[in-house]
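Structure first, then comments.
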Ligand code: PMP
Ligand code: GLN
């Protein structure tokens, strides 16, 4: 059969998590927390599941949750958004990004993607009939804005950025943000997808959000995920924030893709969202990052800066000459720790001999993993 996505196989997250299970390795590969969620969420979920909240919610989201999201955005970003017209609750950030690309990209139009890039962007552009145009970041994961400026043209419909960045853990500086604003200013028809799912998992540096700039917010789809913010990756609930003229189009796709998102989850999140202070999330994960770094100090890995997200990248040149994919396979089998090779996030499989560890884990897991990694 002629396949629509010839280059797509099983995602690296599935592959590595399966290998971790098979070899009973400690799984620092796929990004998900292994500690319990806030007990309050469990209580609210139990309470809500006894109430009559088991039917379809309105297509764009439960009104109470839309209100809660608007209040959160107002608290954190001092931005007022209209719950009824500028927010769409999605089945995770993934579905939101997919719906946005299907709604906005016409056949032949280009979408600029910065590699290493999260894996769901490229196939969604292909399915929309668009052309993904990949630009590689520099080896230190900074963005070459000159190249971005030279690449964006009349046919470019969308620029996708991801900040804080998965897989590198880097965050955009003010100068990056200014360059982004300039590119958007130079191309009035360009739309930005700003994937900010790790917006609250930030450490020393300030997060420059598309919410905080007028040019950007008027032409951006800003992507958030409750999976990251409330440690609930399996719930698959996220949301898009975009101006009404853009979101209206995305809703047309959303209504036929899923129509609406899990009602009990939405009601529980609506009850929970106003009770929590998302600004403590950064400190919570910063402690984990520091703990992991300290535990890894005696290892032969070279740890790269982790400024946000729950990922720590590491170079292993002092340990092995294997490709990063082979090195991760070897590690899961022989060392008992699973990680993610970065080359899979590059269209051209660039391999800087760098792998990604997820530190959203209990201290006990981090100690055990680091013990094994320090023995290499
Ligand atoms: N974007 C990025 C950068 C991610 O890392 C992830 C998931 N880890 C997603 C989107 C998808 O998020 P969700 O699980 O809410 O679909
Ligand atoms: N986003 C998660 C990560 O980067 C994985 C999500 C998935 O498995 N699709 O590890």
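The values are calculated or read from the model by the stated rules, or taken from the named source; none is laboratory data. It should be emphasised that the depicted structure is a prediction, and the values quoted were computed from it without experimental measurement. Quick reminder, even Gly has a Cβ in these numbers, built from the backbone with ideal geometry, and neighbours come from all protein chains shown.
Looking only at residues of the stretch 94-117 that are part of a helix (DSSP H, G or I) and over 17 Å from the mean Cα position of the chain (by Cα), we find that the one that is nearest to ligand 2 (Cβ to nearest atom) is 102. Return a yes/no flag: does the stretch 68-80 have any residue that is free of Cβ contacts under 8 Å to residues at least 40 places away in the same chain, touching a strand residue (DSSP E or B) at 6+ places or on another chain (Cβ under 6 Å) and assigned by TED's automatic domain parsing to the domain that holds residue 241. The answer is no, given that none of the residues of the stretch 68-80 is free of Cβ contacts under 8 Å to residues at least 40 places away in the same chain, touching a strand residue (DSSP E or B) at 6+ places or on another chain (Cβ under 6 Å) and assigned by TED's automatic domain parsing to the domain that holds residue 241. Summed over the stretch 294-306, residues that are in a loop (DSSP other than H, G, I, E, B) and away from ligand 2 (no atom under 16 Å from the Cβ) total 8.
Condition first: outside any strand (DSSP E or B), touching a strand residue (DSSP E or B) at 6+ places or on another chain (Cβ under 7 Å), within 16 Å of ligand 2 (Cβ to nearest atom) and in the same structural domain as residue 231 (by TED's automatic domain parsing). Can you find one or more residues in the stretch 119-126 that meet it? Checked against the condition, which is being outside any strand (DSSP E or B), touching a strand residue (DSSP E or B) at 6+ places or on another chain (Cβ under 7 Å), within 16 Å of ligand 2 (Cβ to nearest atom) and in the same structural domain as residue 231 (by TED's automatic domain parsing), the stretch 119-126 yields at least one hit. When you scan the stretch 174-193, do you find a residue that is assigned to a loop (DSSP other than H, G, I, E, B), closer than 16 Å to residue 242 by Cβ and touching a strand residue (DSSP E or B) at 6+ places or on another chain (Cβ under 7 Å), even just one? Checking the stretch 174-193: at least one residue is assigned to a loop (DSSP other than H, G, I, E, B), closer than 16 Å to residue 242 by Cβ and touching a strand residue (DSSP E or B) at 6+ places or on another chain (Cβ under 7 Å). For the stretch 349-376, filtered to residues that are in contact (Cβ under 8 Å) with a residue 60 or more places away in the chain and part of a loop (DSSP other than H, G, I, E, B), the residue that is surrounded by the most Cβ atoms within 10 Å (Cβ to Cβ) is 359.
Please enumerate the residues belonging to the stretch 81-93 that are under 18 Å from the mean Cα position of the chain (by Cα), on the phi < 0 side of the Ramachandran plot and either free of Cβ contacts under 8 Å to residues at least 12 places away in the same chain or assigned to a helix (DSSP H, G or I) (or both). Matches in the stretch 81-93: 93 only. For the stretch 329-342, the set of residues classified as crowded, with 16+ Cβ neighbours inside 10 Å and either free of Cβ contacts under 8 Å to residues at least 40 places away in the same chain or in contact with a strand residue (DSSP E or B) (Cβ under 7 Å, 6 or more places away or on another chain) (or both) consists of 331, 332, 336, 337, 338, 339, 340, 341, 342, listed by residue number.
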